[in-house]
1. Could you tell me what fraction of 2.2 N^0.38 Å the Cα radius of gyration of the stretch 182-276 comes to, as a two-decimal ratio?
2. Return a whole-number percent for the relative contact order of the stretch 187-341, with Cα pairs under 8 Å and 6 or more residues apart as the contact set.
3. Would you mind estimating how fast the stretch 273-316 diffuses translationally, via Stokes-Einstein at 10 °C and 1.306 mPa s with the Kirkwood radius over Cα pairs, in µm²/s?
4. If each residue of separation counts as 0.36 nm, what is the full-extension length gain between Leu218 and Asn282 once their alpha-carbon separation is subtracted?
5. So if we plug the beta-carbon distance of Asp255 and Val210 into 1/(1 + (r/R0)^6) with R0 = 25 Å, what FRET efficiency do we get, rounded to 0.05?
6. Counting only Cα, what are the radius of gyration and maximum Cα-Cα distance Dmax of the stretch 107-216, in Å?
7. Using modelled amide H (1.01 Å from N, peptide plane; none on Pro or chain starts), what sits under 5 Å from the amide H of Trp146, excluding residues fewer than 5 places away?
8. Which of Lys261, Lys167 has the fewest other C-beta atoms within 10 Å, and how do the rest follow up to the most?
Amino acid sequence: MRKGWRRWAVLALGQVVSLLVAGAALAQSAAEPEGPYPQTLLKPAGPQAETLYEAMAWDIAFITFIGVIASIVTAFILIRFKDRGEDRVVPQTHGDPRYELVAWLVLIVGLVVMALHPLPAEAVFERQPEGEAVLQVNVIGHQWWWEFEYPQYGVYTANELHIPVGKKVAITTWSEDVIHAFEVPRLGGKNDSLPGRKTRFWIEADKPGVYQGQCFELCGASHARMLTRVIAHPQDDFDAWLKKQGTPAPEPTTDLAAKGKQVFNTVCTACHTVDGTKRSPNTGAPNLAYMGARTSIGGGVLKNTPENLLQWLRDPQSVKPGAKMTVSVKLGSITEDDAKALVEYLESLK
Ligand code: CUA
């Protein structure tokens, strides 16, 4: 076997392996995402996410096309101009302006096409929806949870954002401490939440579902535990949710819940409220209206179950390091019995 053979066999093998790896990675990420609430850009669930996905798919196709052409040209050159041990000089083209020109043109056209093609997509993101028909939501970042205000309805909630399906939701976001970023990948919208400055963007969900997001800007100890869920309902269900959120908290129906309410009013109301029409007295503490109806607690860290809520009240730091909760069994501000009564009360708010 001639000496040059092995070298390009290795090169060709390298090309094939890298194409296979890229293909496998793409197939893997496009496959049905795992877990109940996947955070992926590859399963768009709204027009923004769809636009983003199309722009990305186009990029990948274009880059793959260039990669294939480059591989073919490389293979051609390797074979055509291989050292065959002959005493010959191949035509020298270095410095030939014709070749230089073609190379530059291909490069420039390719880069211009890549730079310009996402512009229509960007226009989709820029067009902030306006008017009465649009649902306005203020998204306020806190260490480490999200506050949601519906200014048109005077309603507040935390960590789980309810929206109607098929309607543009105009979001105004800011932060009350450090920089956070709100993103729900399957709905496409993403924006920094900045202290002292309001910025705007919008999201929309095509079909009902629960879409999970994650704070996207490193914001301190529990940044990774600052999750959010967008719950998209059909319009009627959303209206019902909004109406309920604006009505006073239901009265306790058991003795334990009644005791829980008493504890709540004694130790929790300095910071929290169960009134969905008010901001919390301490704006750094989440609104707890209809907490029993939420799917998660602790800013999306734990499933909302009585056991998990009890764990949270015993020792919030064990669930979420740095959490600003000052009331806990561990700190001695409530007893284990108080905590159990609080769990009964808060979980009864549905
Ligand atoms: Cu908030 Cu990271």
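We did not get these values from a lab; they are worked out from the coordinates using the rules stated. None of the values given here were measured: they were computed from a predicted structure. Glycine also receives a Cβ, built like all others from the backbone with ideal geometry; neighbour counts cover every protein chain displayed.
1. 1.43
2. 18
3. 142
4. The Leu218-Asn282 span can extend by a further 20.7 nm.
5. For Asp255 and Val210, the calculated efficiency is 0.15.
6. Rg then Dmax for the stretch 107-216, in Å: 15.7, 55.
7. Asn159
8. Lowest to highest Cβ neighbour count: Lys167, Lys261.
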